[in-house]
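Each remark here refers to the structure printed beneath this line.
What follows draws every value from the coordinates through simple rules; no lab data is involved. Fair warning: this is a prediction, and the values are worked out from it, not measured in the lab. All Cβ positions, even for glycine, are placed from backbone atoms using ideal geometry, and neighbour counts span all protein chains on display.
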């Protein structure tokens, strides 16, 4: 499943936990940015979206059949918001928010990416919904 819903200032996607859908999502980000004349933000928004979607599918939903991930990209006057939510139980995001990763670590680099490319990182209390504010 891969359902696209156009929004006034962006778009929403509902997708199965299938990593091929991450590429499809990034394709929609590219098209949206091209239509807005904002292609210069493609690298950062694609990187943030890929990391967040991979985390949602792999860690949140554990790639379980029948699970979905919801994604929204919203254009704001000052930049873009990415919203990602999975069906998983969530995680202790407070314990991970300020942890630093090392280059040789096999995991844990997502929050480093979020901190370096997003101006704000917010989770819901359960830890299964993430909002990234990108201001470019």
Separation of the residue 116 and residue 42 label points, Cα + 7 Å toward Cβ, nm = 2.1 nm
Given a Förster radius of 22 Å and the C-beta distance between residue 12 and residue 87 as r, what FRET efficiency does 1/(1 + (r/R0)^6) yield to the nearest 0.05?
-> 0.85
Calculated P(r) tail over 21 Å for the chain, as whole % of Cα pairs | 38 percent
How high is the relative contact order of the chain, in percent, counting Cα pairs under 8 Å that sit 6 or more residues apart?
-> 23 percent
